[in-house]
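Written out below as structure tokens is the structure these notes cover.
The values are calculated or read from the model by the stated rules, or taken from the named source; none is laboratory data. The structure presented is a predicted model; accordingly, all values stated were derived computationally and were not measured. Glycine gets a Cβ as well: all are built from the backbone with ideal geometry, and neighbour counts include every protein chain shown. Note: accessible area is taken over every heavy atom of the protein model, side chains too, but ligands, DNA and RNA are not part of it. Shrake-Rupley method; radii C 1.70, N 1.55, O 1.52, S 1.80 Å.
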Amino acid sequence: IVFGDWSSDVCSSDLGSHAVGTIPPRCQCLAQGEPFVTLTIQASSLVTLNYRISLDNGQPVISTFEGKPATLQLGANEMMPQLEERLVGLEDGSYHSFTLTPDEAFGPYRPELVEKVRRQDMPDEPIEAMTIMEFVAPDGSRYSGLVREIDDTQAMVDFNHPLAGKTITLDVEIIGIL
């Protein structure tokens with residue numbers, strides 16, 4: 001909790017008498033017009049929020065606004081670092097909208113990540129174009145790829161992130177901060 005240049009988890013005018021969030025109806029600090037203690041997101045905060053990622057034409061790609069909010073531990077690789085950076089310093093209860101270029105979001109589209117894969121190196125099952133598949137590299141790491149085209153001998157697989165090369169809008173509503 002950040003209040004001025006110091007931290008506290010209690011009402012500023014009556015230290016120790018009650019915790020913020022459990023303020024009695026006749027709290028003296030409210031009557032005196034003192035500012036509330038404001039929670040701000042730190043680099044290691046646990047944050048509950050609603051978020052929406054939309055394309056630059058307004059089409060939503062993913063959103064929690066219509067359902068259950070997300071709870072994320074910042075600094076724990078649960079969200080891309082460049083998106084986490086946008087959250088640091090935001091206040092509890094606030095709403096923000098950020099426009100991110102491809103370089104700030106999911107990176108540029110890289111044509112060299114579209115590869116021909118021999119059909120014999122793919123699972124022996126029916127596969128349709130525009131199917132996302134997981135592939136295992138020789139070192140055992142796994143990669144998702146979008147099968148753009150496929151025939152009896154080969155497939156064109158795109159290993160770019162689906163939002164690579166796209167400008168996005170990130171809308172966030174901060175619900176809670178620990």
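When PHE98 is tested against (1) open to solvent by 50 Å² or more (accessible area, probe 1.4 Å); (2) not in a loop (DSSP other than H, G, I, E, B); (3) not charged (D, E, K, R), only condition (1) is not met.
Any idea which residue in region 157-173 is farthest from THR38 (Cα to Cα), counting only those that are open to solvent by 10 Å² or more (accessible area, probe 1.4 Å) and among the β-branched types (Val, Ile, Thr)? That would be THR167.
Taken together, GLY93, GLY176 contain a single residue that is open to solvent by 40 Å² or more (accessible area, probe 1.4 Å) and within 30 Å of THR38 (Cβ to Cβ), which is GLY93.
Against the list (1) over 15 Å from the mean Cα position of the chain (by Cα); (2) not in a loop (DSSP other than H, G, I, E, B), the condition GLY93 fails is (2). The residues in region 47-64 that are open to solvent by less than 60 Å² (accessible area, probe 1.4 Å) and over 18 Å from GLY107 (Cα atoms) can be counted, and the count is 9. Considered as a group, the residues in region 105-162 that are under 30 Å from the mean Cα position of the chain (by Cα) and among the hydroxyl-bearing types (Ser, Thr, Tyr) include one that is modelled with the highest pLDDT, and that residue is TYR109.
Which residues, counting only those in region 111-144, are touching a residue at least 12 places away in the same chain (Cβ under 8 Å) and in a loop (DSSP other than H, G, I, E, B)? MET122, ILE127, GLU128, ALA129, MET130 - these are the residues of region 111-144 that are touching a residue at least 12 places away in the same chain (Cβ under 8 Å) and in a loop (DSSP other than H, G, I, E, B).
Look at region 91-105: where a residue is more than 14 Å from SER54 (Cα to Cα) and a partner is of a type in the set (Ser, Thr, Tyr) and open to solvent by 40 Å² or more (accessible area, probe 1.4 Å), sitting 6+ places away or on another chain with Cβ atoms under 6 Å, you get GLU91/THR38. Just for region 57-75: of the residues that are in contact with a strand residue (DSSP E or B) (Cβ under 7 Å, 6 or more places away or on another chain) and part of a loop (DSSP other than H, G, I, E, B), which one is farthest from THR169 (Cα to Cα)? Applying the filter and picking the extreme gives LEU74. Is it fair to say GLU78 is outside any loop (DSSP other than H, G, I, E, B) and either under 14 Å from the mean Cα position of the chain (by Cα) or modelled with pLDDT of 90 or more (or both)? No, not satisfied.
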